[in-house]
Amino acid sequence: MFFSRLREEVFWSLSILVRPLTLFIWVSTSLVAIISGPFGTDALMAWPARSLYWFAITFVALSIGVSVRAVTAAWIGYDRPLGFDIIATLLTTTICAPLIWMMRRTVDTLSGVPSVDLLNVALHTLVIVGLVFVVRRHISPSEPGSYLEPELEPKVRYYSPVGHENPRLYRRLSASTTGPILRLSGKDHHVEVVTPEARETLRLRLSDAIDEMDPVEGYCTHRSHWVARTAIETVDRSQPGKIFIVLTNGDRVPVSRKYRPKLEVEGLLD
């Protein structure tokens, strides 16, 4: 299970490296380091060498951070944003700090100056990496969850069966999305969540979204579709060899052969 999720997260994380936000973070952090010249690089290197040095270091750090993000997502998921960022920051620092220290030590040796302390490099790396994870979470729509400014959720948003807790999936939806969830549709690494009044796409696997709908009763009608039982209005058999479930909002969801027997046993295709 872990390795299956890790494979998906790795492919997703690789796409992050070529996004404009990642390019912005890389260039901006590099420019800050070039101008400020931390660890004495302003006195040790001329600006062309210093620019090459810091652009290389920040690129390596970002690449490691993206890889660590994939491992962390496969390990603990997205439900605990604060814990996610703490673990990802510590792992990234543990890997990056020795690499940065060795690169700097090589430069110091060639220049004939005393090398910087590993602990000093690690502390600076920890602060910078932590800030990058925090800033990215609060400016990127692909990073769900905010722990600095938690949303005040409207009391009328949840629609759980009487006597049960509210489905966790509602916590991922925007505050403006209300009404019961009628269906979930998965595509690649995203899930479309449909309510009577809105449609919202989440960065999530369909299987995880279905788990977060508990205790709402529902059924998979297809490998890419899940519907809530209360949302089912009728069955459409107008096309030979094909069956569709029609929902209360008019959406037609296909029924595949794999899931047809279970739906027939439940009496949903009568």
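The values are calculated or read from the model by the stated rules, or taken from the named source; none is laboratory data. All values derive from a computational prediction rather than experimental measurement. Note: ideal-geometry Cβ built from the backbone for every residue, glycine included; neighbour counts use all protein chains shown. SASA here: full protein model, heavy atoms, side chains in, ligands and nucleic acids out. Shrake-Rupley method; radii C 1.70, N 1.55, O 1.52, S 1.80 Å.
Against the list (1) under 22 Å from the mean Cα position of the chain (by Cα); (2) under 21 Å from ALA175 (Cα atoms), the condition PRO196 fails is (1). From the set of residues in segment 252-270 that are without any contact (Cβ under 8 Å) to a residue 40 or more places away in the chain and among the β-branched types (Val, Ile, Thr), which is farthest from GLN239 (Cα to Cα)? Checked segment 252-270; the qualifying residue farthest from GLN239 (Cα to Cα) is VAL265. When VAL32, VAL71 are screened for being surrounded by fewer than 19 Cβ atoms within 10 Å (Cβ to Cβ), free of Cβ contacts under 8 Å to residues at least 60 places away in the same chain and closer than 21 Å to VAL135 by Cα, only VAL32 passes.
Considering only segment 217-235, state which residues are closer than 20 Å to PRO196 by Cβ and either open to solvent by less than 30 Å² (accessible area, probe 1.4 Å) or of a type in the set (S, T, N, Q) (or both). GLY218, TYR219, THR221, TRP226, VAL227, ALA228, THR230, ALA231, THR234, listed by residue number.
Listed conditions (1) in a helix (DSSP H, G or I); (2) open to solvent by 20 Å² or more (accessible area, probe 1.4 Å) are all met by SER115, apart from (1). Scanning segment 35-50 for residues that are in contact (Cβ under 8 Å) with a residue 12 or more places away in the chain and closer than 22 Å to LEU118 by Cα, we see that the one that is surrounded by the fewest Cβ atoms within 10 Å (Cβ to Cβ) is GLY40.
Among the residues of segment 208-257, just one is among the small types (Gly, Ala, Ser), touching a helix residue (DSSP H, G or I) at 6+ places or on another chain (Cβ under 7 Å) and assigned to a strand (DSSP E or B), namely GLY218.
Quick check: anything in segment 163-184 open to solvent by 30 Å² or more (accessible area, probe 1.4 Å), in a strand (DSSP E or B) and either at pLDDT 90 or above or touching a Gly at 6+ places or on another chain (Cβ under 9 Å) (or both)? No - not one qualifying residue is present in segment 163-184.
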